[in-house]
2 protein chains.
Amino acid sequence: MARPREFDTTEVLSKAMDYFWKYGYEGASMQELVKHVGIKAQSLYNTYGGKRDLFFAALKHYVNQSTAVHTLEHTSSGKEAIARVFRDLLADLARSDRTRGCFINNTCVELAPHDSEIADFIEKERIRLERAYYLALARAKEQGEINERYQDLMALARYLNNAQGGLMVTAKTVTDMTVLEDIVGVTLSIFD
Amino acid sequence: MARPREFDTTEVLSKAMDYFWKYGYEGASMQELVKHVGIKAQSLYNTYGGKRDLFFAALKHYVNQSTAVHTLEHTSSGKEAIARVFRDLLADLARSDRTRGCFINNTCVELAPHDSEIADFIEKERIRLERAYYLALARAKEQGEINERYQDLMALARYLNNAQGGLMVTAKTVTDMTVLEDIVGVTLSIFD
DNA sequence: TTTATTTTTTAATGATTGTTCAATAATATG
DNA sequence: CATATTATTGAACAATCATTAAAAAATAAA
């Protein structure tokens, strides 16, 4: 009935995500982003709406392709699941560009204070990760992997979530991987 | 010899800090900032230089008026010094606007990847705080306040610094203070 | 009081911002 | 093939951006 789209929707979204992830919302200009994603401005506005809509879509795309929750849910040992999340994080930080940080955290810092809808989305993501940590901790407890002096598993989950978020911010300026390894080492020492 | 300045230099700088702290660098417009600080644009440019110069000056002003390092250095008990830093942090978060977060952390997220001079400044600040934590931990160790299974005091200092940074990011979306209290509780439980 | 120097004021600068207009091109269905 | 519908193209839009030009105002020293 009509002319078909010539680009892959999620491919362009992924490129837009890369750009916003690197430059943030205010730091990104649509004219530069247009060059980066490889389609013309009008096509972009037709398919995704305005800048904020595209940004929000990119943010949702980010959480869909992130792996922490999946790792926490699909590793049988609770303690090992948590350790693996942090191990994977360190491996990523050693491999890729550390300065990009976590897109969710970046957005939390930049936009959450000025966009309540995005703030709500981020808070729900935080709770989703918190729950995943909690369930892994509950499994760990059943398996006798939790030191008895820690009774409040929800507090532990929040603590781990916080450490993870902190790590992605700390990694933005730190060049020495030892710093990040030290942080993870002590963070996970509560299991010893 | 010449016409005297009609405004207080550090007073205006403090107002500029408030504005940049709230809106970030890219999110802040000079025309709005001018209204907020109460002097005309030309006076602003005469005294502080361009937008980035003013922002950098505001950031330096922020670290000069921050209290964590001072608290760590001027509390005799090392353990108590560290506990007090986190207690003060929680009190601040309960009292004032949580969404502002920490100006250094905000800037670390927004600008560190694109401005190496600012990244260097932030990294030096991180190291300064890390050292303050380390010295407090060394005092704590002398006073027998450190569990013997923790030998690497620098790793502990980095861990505490990371938890503090994470807390300021987490606080941006969290409305329930219990979450933040849980985080601090578990973070400091390594001393038990 | 005159002069030299600097601040303040008002208005404007060119560049860049996000977004859209108008025209052309490409498809599916009738 | 003709038509309806949507995608792409290239140029343009008003608004806002950081910054500054030019003139008036205020002071200290001569």
Next item on the list: Would you check which residues across the stretch A:4-21 are away from DNA strand C (no atom under 12 Å from the Cβ), touching a His at 6+ places or on another chain (Cβ under 9 Å) and not small (G, A, S) and list them?
Entry: A:T10, A:L13, A:K15, A:M17, A:D18
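Taking A:I122, is it open to solvent by 30 Å² or more (accessible area, probe 1.4 Å), without any contact (Cβ under 8 Å) to a residue 60 or more places away in the chain and not in a loop (DSSP other than H, G, I, E, B)? Write out each step before concluding.
Working: open to solvent by 30 Å² or more (accessible area, probe 1.4 Å): no; without any contact (Cβ under 8 Å) to a residue 60 or more places away in the chain: yes; not in a loop (DSSP other than H, G, I, E, B): yes.
No.
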Check: Does the stretch A:122-139 hold any residues that are of a type in the set (A, V, I, L, M, F, W, C) and either more than 7 Å from every other protein chain (Cβ to nearest Cβ) or touching a Phe, Trp or Tyr at 6+ places or on another chain (Cβ under 6 Å) (or both), and which are they?
Finding: A:I127, A:L129, A:A132, A:L135, A:A136, A:L137, A:A138
Checklist line | So A:E142, is it surrounded by fewer than 21 Cβ atoms within 10 Å (Cβ to Cβ), under 21 Å from A:T71 (Cβ atoms), at the interface with another protein chain (Cβ under 10 Å from one of its Cβ atoms) and of a type in the set (D, E, K, R) | finding: no
Next item on the list: Just one of (1) of a type in the set (G, A, S); (2) part of a loop (DSSP other than H, G, I, E, B); (3) surrounded by fewer than 17 Cβ atoms within 10 Å (Cβ to Cβ) trips up B:S189, so point out which.
Entry: (2)
Next item on the list: Go through the stretch A:1-87 and tell me which helices (runs of 4 or more DSSP H), entirely inside it, have 1 or more residues that are within 13 Å of DNA strand D (Cβ to nearest atom) and either away from chain B (no Cβ under 14 Å) or crowded, with 18+ Cβ neighbours inside 10 Å (or both).
Entry: A:9-23, A:30-37, A:41-48
Notebook entry, point to check: Does the stretch A:154-173 contain any residue that is part of a helix (DSSP H, G or I) and over 21 Å from the mean Cα position of the chain (by Cα)?
Noted result: no
Next item on the list: May I ask you to verify whether B:R131 is of a type in the set (K, R), in a helix (DSSP H, G or I) and under 19 Å from A:Y159 (Cα atoms)?
Entry: no
Next item on the list: Give the number of residues within the stretch A:173-185 that are open to solvent by 10 Å² or more (accessible area, probe 1.4 Å) and either facing another protein chain (nearest Cβ under 9 Å) or not acidic (D, E) (or both).
Entry: 8
Notebook entry, point to check: Restricting the search to the stretch A:88-108, which residues are open to solvent by 60 Å² or more (accessible area, probe 1.4 Å) and in contact (Cβ under 8 Å) with a residue 24 or more places away in the chain?
Noted result: A:A94, A:R100
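The values are calculated or read from the model by the stated rules, or taken from the named source; none is laboratory data. This structure is a prediction, so every number in the text was calculated from the model and none was measured. Please note: Cβ atoms are built from the backbone with ideal geometry, for glycine as well, and neighbour counts cover all protein chains shown. Surface accessibility is based on the protein's heavy atoms, side chains included, excluding ligands, DNA and RNA. Shrake-Rupley method; radii C 1.70, N 1.55, O 1.52, S 1.80 Å.
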